[in-house]
Amino acid sequence: MKILILNGPTLNLQGRRDVAVYGSTAFEEYLTRLRAVFPDVGLDCFQSNVEGELIDALHRSEGRYDGVVFNAGGYTHTSVALRDAVAAIATPVVEVHISSILAREEFRHVSLLAPVVRGSIMGFGLDSYRLGVEALLLQK
């Protein structure tokens, strides 16, 4: 099985940005641990601060990946284009968030992606990614 972990804006600063909310572990360090937990799963990772690059990555996922674990960052609440890209592909997508978007500012409470993804996982820190991978494995 092959899964794409797709990270949106500002997630390149994981471990340095707002550590009280997101923690101090860099994503690369966490990804190494995640790969050790799932040695039989090919885990690729792509991060971009550019909406169009995320859309392109979603489009390219078809036929290449069995699923996508997607943290769209701030685009979660604003991007109709990313919502449409997820809805347009057959690749199953699980939405993840490090923090609980429902426990944050009110403008973060709505996910435009939620209606078109297989499911949403939030609030478990970086472990939300592990739970997202497990959700995809259960769907297989």
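The values are calculated or read from the model by the stated rules, or taken from the named source; none is laboratory data. Values in this document were obtained by computation on a predicted structure and should not be read as measured data. So basically every Cβ, Gly included, is an ideal-geometry build from the backbone, and we count neighbours across all protein chains shown. Note: accessible area is taken over every heavy atom of the protein model, side chains too, but ligands, DNA and RNA are not part of it. Shrake-Rupley method; radii C 1.70, N 1.55, O 1.52, S 1.80 Å.
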The one condition in (1) touching a Cys at 6+ places or on another chain (Cβ under 9 Å); (2) part of a helix (DSSP H, G or I) that residue 6 fails to fulfil: (2)
Subset of region 126-140 that is within 15 Å of residue 72 (Cα to Cα) and touching a helix residue (DSSP H, G or I) at 6+ places or on another chain (Cβ under 9 Å) - its residue that is most open to solvent (accessible area, probe 1.4 Å): 126
Of all residues in region 49-66 being open to solvent by less than 40 Å² (accessible area, probe 1.4 Å) and out of contact with any Gly (no Cβ under 8 Å at 6 or more places or on another chain), the one that is nearest to residue 131 (Cα to Cα): 65
Which listed residue is over 17 Å from residue 10 (Cβ atoms) and either touching a Leu at 6+ places or on another chain (Cβ under 6 Å) or part of a loop (DSSP other than H, G, I, E, B) (or both), from 57, 85: 85
Conditions (1) of a type in the set (D, E, K, R); (2) open to solvent by 10 Å² or more (accessible area, probe 1.4 Å); (3) on the phi < 0 side of the Ramachandran plot: number failed by residue 95: (2)
Hey, residue 7 out of contact with any Leu (no Cβ under 7 Å at 6 or more places or on another chain) and closer than 25 Å to residue 102 by Cα or not: yes
Sole exception among (1) in contact with a strand residue (DSSP E or B) (Cβ under 9 Å, 6 or more places away or on another chain); (2) modelled with pLDDT of 95 or more; (3) over 18 Å from residue 14 (Cβ atoms) for residue 102, by number: (2)
Residue satisfying all of: in region 71-82; outside any loop (DSSP other than H, G, I, E, B) and among the β-branched types (Val, Ile, Thr); surrounded by the most Cβ atoms within 10 Å (Cβ to Cβ) among these: 76
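Only one residue in 46, 107, 27 is under 16 Å from the mean Cα position of the chain (by Cα) and either aliphatic (A, V, I, L, M) or open to solvent by 30 Å² or more (accessible area, probe 1.4 Å) (or both), so which one is that? Break it down into steps so the answer makes sense when it comes.
Numbers: 107 fails: under 16 Å from the mean Cα position of the chain (by Cα); 27 fails: either aliphatic (A, V, I, L, M) or open to solvent by 30 Å² or more (accessible area, probe 1.4 Å) (or both).
The conditions single out 46.
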